[in-house]
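One structure is given below, encoded as structure tokens.
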Amino acid sequence: MRTMDFAPLWRSSVGFDRFFDLVENSAQWNADDNYPPYNIERAGEDQYAISLAVAGFAPEDLTITAEQNTLAVEGRKTVKDTDSMLYQGISARSFKRTFSLADHVQVKGANFENGLLKIELVREIPEAMKPRKIAIGQSGSNDTKQIEQKKAA
């Protein structure tokens, strides 16, 4: 089964378009598209890190772009003289790797060290969306007297 029928869910849900697109895109994922290799790790409750193995690339060969809920990492190697190369086992091909980010996940920073590009992400939920306690107040004294008077009459 290559495709899923979301018709029953479309009839009873509103605003989940992005989720359905993510599911459909993940079904089209190609296992051959594994360059460069990467790790996604959870560094804390609301912190994540993506590490890409970009051996042979320099920081100036890499571009990181965060736009809405998408993170794109692009690598373009400058062309060097390959005539003198006897064997090339380190790949130098260009790539573009994209990651879908959840709502409120922001790129905190990026480091390049020992051939690894590490991108730090953090989920920052706005104050208005965080759970908050609601104080329970008491009715005014006038309302209580009126109810008591009606019961007595």
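The values are calculated or read from the model by the stated rules, or taken from the named source; none is laboratory data. Source: prediction; values computed, not measured. Here the Cβ is made from the backbone with ideal geometry for all residues, glycine too, and neighbour counts use every protein chain on show.
One table, with the values for the structure above:
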{"read-out": "Residues that are modelled with pLDDT under 90, within 27 Å of residue 95 (Cβ to Cβ) and among the hydrophobic types (A, V, I, L, M, F, W, C), drawn from the stretch 20-56", "value": "22, 23, 27, 29, 31, 55"}
{"read-out": "Qualifying residue in the stretch 84-91 (condition: at pLDDT 90 or above and aromatic (Phe, Trp, Tyr))", "value": "no"}
{"read-out": "Check on residue 96, part of a strand (DSSP E or B), modelled with pLDDT of 85 or more and within 14 Å of the chain's Cα centre (by Cα)", "value": "no"}
{"read-out": "Filtered residues of the stretch 30-53 (kept if touching a residue at least 24 places away in the same chain (Cβ under 8 Å), in a loop (DSSP other than H, G, I, E, B) and closer than 20 Å to residue 108 by Cα)", "value": "46"}
{"read-out": "Condition met for residue 77 (out of contact with any Pro (no Cβ under 6 Å at 6 or more places or on another chain), at pLDDT below 90 and surrounded by 11 or more Cβ atoms within 10 Å (Cβ to Cβ))", "value": "yes"}
{"read-out": "Residue list for the stretch 70-93, restricted to those being of a type in the set (A, V, I, L, M, F, W, C) and either touching a residue at least 24 places away in the same chain (Cβ under 8 Å) or part of a strand (DSSP E or B) (or both)", "value": "71, 72, 73, 90, 92"}
{"read-out": "Test for residue 20: is it surrounded by 14 or more Cβ atoms within 10 Å (Cβ to Cβ), within 30 Å of residue 5 (Cα to Cα) and assigned by TED's automatic domain parsing to the domain that holds residue 7", "value": "yes"}
